[in-house]
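Here the structure is laid out as structure tokens; the discussion comes afterwards.
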Amino acid sequence: MKVFNSMTRQKEELVPLREGEIRMYCCGPTVYNFIHVGNARPIILFDVLRRYLEYVGYQVTFVQNFTDVDDKIINRSHEEGISSQEVAEKYIAEYFTDAQGLGVRPATIHPKATETMDDIIDMVKTLVDKGYAYEANGDVYYRTRKFADYGKLSGKNIDDLESGARVEVNDVKEDPLDFALWKAAKPGEPAWDSPWGPGRPGWHIECSAMSRRYLGQTIDIHCGGQDLTFPHHENEIAQSEAANGCKFVNYWMHNGFLNIDNKKMSKSEGNFFTVRDAAAVYGYEAIRFFMLSAHYRSPLNYSKASLEQSQAALSRLYTAEENLSFLAENAPERDPSEAEAALLASLPDYRQRFREAMDDDLNTGEAIGVLFELVRAVNAAVADPCRTVAKEGLAMLHEFTDVLGLLYNKQQEKDLDAEIEEMIAARQAARKAKNFAEADRIRDELKARGIVLEDTPQGVKWRRA
Ligand code: AMP
Ligand code: ZN
């Protein structure tokens with residue numbers, strides 16, 4: 001398999017460090033809010049990478065962290081009047097609800113910063129001992145200029161960075177480029193004991209420490225969104241390579257942005273939809289399909305039209321699956337006809353083309369193309385097929401959809417439809433009881449979920465807007 005390595009800026013053959021094994025790390029969410037559709041892009045794509053690596057026979061150890069101590073979490077805890085641990089726990093649970101909805105398997109290990117504190121402190125200590133870091137008023141900073149290769153991932157020049165760096169008043173740093181590894185405790189903030197007094201870790205050191213703890217000093221793949229390249233991943237490299245004295249990551253993989261009106265979807269810009277809200281309108285699985293329809297490094301624009309196209313494509317896949325499942329149980333058990341024999345003989349070619357697409361830097365769009373070609377070929381053959389064709393066609397369909405993580409959610413879609421129908425029935429009942437306030441409230445809630453109601457002589461019809 002070839003993957004595009006952001007470090008070398010080219011596609012490279014993926015050669016694991018240990019035969020038959022892949023160790024990969026993906027930067028996970030800061031848990032202070034619901035995830036938005038942009039956050040779902042790396043989560044879904046790197047889940048597919050992991051599934052594909054397993055499919056071709058690797059044993060994959062996949063680590064994805066939770067940043068559970070951070071300024072945003074602390075702010076949120078003040079807003080909500082609960083502890084930052086409670087904020088983190090709440091949004092970790094919400095993360096798993098969405099991830100499961102999206103068909104994303106839990107990672108092998110989901111470490112939390114607050115549970116890896118000894119490793120974090122240990123790594124900061126090593127950096128101080130080696131002269132790569134220094135303490136100042138209870139904070140610890142990384143001496144960025146001391147790391148000769150700084151900027152190698154993002155292609156930034158340290159002198160350009162220096163001239164653009166903001167010098168803050170009362171700065172205790174030796175150099176504006178230095179970044180915090182450890183932050184001295186402030187009143188009302190969670191804190192841990194350390195050789196530099198009570199405090200909490202900076203964001204970047206977490207990933208270096210967790211990656212080393214669970215995967216070792218050098219790992220195969222490190223992934224995340226493109227916006228993490230600088231400064232987050234650049235700083236991770238500086239920390240890990242200085243502390244460990246060896247290469248940190250063999251392959252860096254970054255997904256492109258999910259945009260909305262051609263601008264990056266982001267919490268700070270306010271131009272986002274949470275996965276929860278989008279799933280209420282389109283279903284979780286349509287979001288997954290939509291993400292897989294484009295190459296992970298290309299920008300992808302979120303729109304109603306493309307989500308609806310994904311819903312329609314998905315529903316064609318479900319129809320094919322249903323037909324084939326029925327035929328696999330009920331079609332006559334006769335010898336294949338000549339045309340059927342030819343189709344059976346061609347099935348391995350579909351597998352080969354599917355694999356070629358995935359081997360080419362995880363080209364999921366093309367892999368989905370092969371999947372639909374398979375569906376069309378089998379459909380053309382199965383007006384009245386023999387059972388073997390139906391069974392083998394279905395097995396191949398499932399082989400592909402298992403790698404892509406599709407066709408898992410029929411029940412979930414049905415549940416969503418049932419919920420909407422229940423709400424409509426409740427609205428009818430409220431109207432009958434002349435409780436118009438309640439009827440209007442339900443109508444508004446349905447509207448907010450993108451459901452359009454139409455009163456007809458035969459009753460209320462509904463559709464997704
Ligand atoms: P954040 O919560 O901003 O730290 O992001 C969590 C993960 O989602 C990181 O891997 C980001 O790179 C990724 N991410 C955030 N916004 C987008 C977006 N609009 N498109 C693609 N990935 C994103
Ligand atoms: Zn990270």
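The values are calculated or read from the model by the stated rules, or taken from the named source; none is laboratory data. All values reported here derive from a predicted model rather than from experimental measurement. For neighbour counting, all protein chains shown are included, and Cβ atoms are generated from backbone atoms with ideal geometry for every residue, glycine included. Areas reflect the complete protein model, heavy atoms only, side chains present, ligands, DNA and RNA absent. Shrake-Rupley method; radii C 1.70, N 1.55, O 1.52, S 1.80 Å.
Summary of values
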| read-out | value |
| --- | --- |
| The range 262-272: number of residues that are out of contact with any helix residue (DSSP H, G or I) (no Cβ under 6 Å at 6 or more places or on another chain) and in contact (Cβ under 8 Å) with a residue 24 or more places away in the chain | 5 |
| Any hit, the range 206-228, residues being farther than 20 Å from ILE109 by Cβ, touching a residue at least 12 places away in the same chain (Cβ under 8 Å) and crowded, with 24+ Cβ neighbours inside 10 Å | no |
| Boolean, GLY151 is buried (at least 16 other Cβ atoms within 10 Å of the Cβ), within 22 Å of GLN85 (Cα to Cα), of a type in the set (Gly, Ala, Ser) and touching a residue at least 12 places away in the same chain (Cβ under 8 Å) | no |
| Residues being in a helix (DSSP H, G or I) and open to solvent by 10 Å² or more (accessible area, probe 1.4 Å) - total across the range 378-392 | 7 |
| From GLU422, GLU413, residue being open to solvent by 50 Å² or more (accessible area, probe 1.4 Å) and either of a type in the set (Lys, Arg) or at pLDDT 85 or above (or both) | GLU422 |
| Lone unmet requirement of (1) of a type outside the set (Lys, Arg); (2) open to solvent by 10 Å² or more (accessible area, probe 1.4 Å); (3) touching a helix residue (DSSP H, G or I) at 6+ places or on another chain (Cβ under 9 Å) for GLY101 | (2) |
| When residues of the range 84-98 are limited to those that are among the acidic types (Asp, Glu) and closer than 22 Å to PHE290 by Cβ, the one surrounded by the most Cβ atoms within 10 Å (Cβ to Cβ) | ASP98 |
| Test: residue in the range 378-397 that is modelled with pLDDT under 95, of a type in the set (Lys, Arg), under 24 Å from the mean Cα position of the chain (by Cα) and under 29 Å from TYR55 (Cα atoms) | no |
| Sole exception among (1) surrounded by 17 or more Cβ atoms within 10 Å (Cβ to Cβ); (2) more than 22 Å from PHE4 (Cα to Cα); (3) in contact (Cβ under 8 Å) with a residue 24 or more places away in the chain for LEU161, by number | (3) |
| Search result, residues across the range 229-242 that are open to solvent by less than 10 Å² (accessible area, probe 1.4 Å) and either within 16 Å of ligand 1 (Cβ to nearest atom) or touching a Leu at 6+ places or on another chain (Cβ under 7 Å) (or both) | HIS232, HIS233, GLU234, ASN235, GLU236, ILE237, GLN239, ALA242 |
| Any hit, the range 16-39, residues being touching a His at 6+ places or on another chain (Cβ under 6 Å) and touching a residue at least 40 places away in the same chain (Cβ under 8 Å) | yes |
| Identity of the residue in the range 125-141, over 11 Å from ALA180 (Cβ atoms) and β-branched (Val, Ile, Thr), that ends up surrounded by the most Cβ atoms within 10 Å (Cβ to Cβ) | VAL128 |
| Qualifying positions in the range 426-436 - among the aliphatic types (A, V, I, L, M) and either under 13 Å from VAL460 (Cα atoms) or in contact (Cβ under 8 Å) with a residue 12 or more places away in the chain (or both) | ALA426, ALA429, ALA430 |
| Selected residue [farther than 22 Å from TYR32 by Cα and at pLDDT below 95] from LEU314, LEU327 | LEU327 |
| Single condition ALA439 does not satisfy, out of (1) open to solvent by 60 Å² or more (accessible area, probe 1.4 Å); (2) without any contact (Cβ under 8 Å) to a residue 24 or more places away in the chain | (1) |
| Failed item in (1) within 16 Å of ligand 1 (Cβ to nearest atom); (2) free of Cβ contacts under 8 Å to residues at least 12 places away in the same chain, with GLY245 passing the rest | (1) |
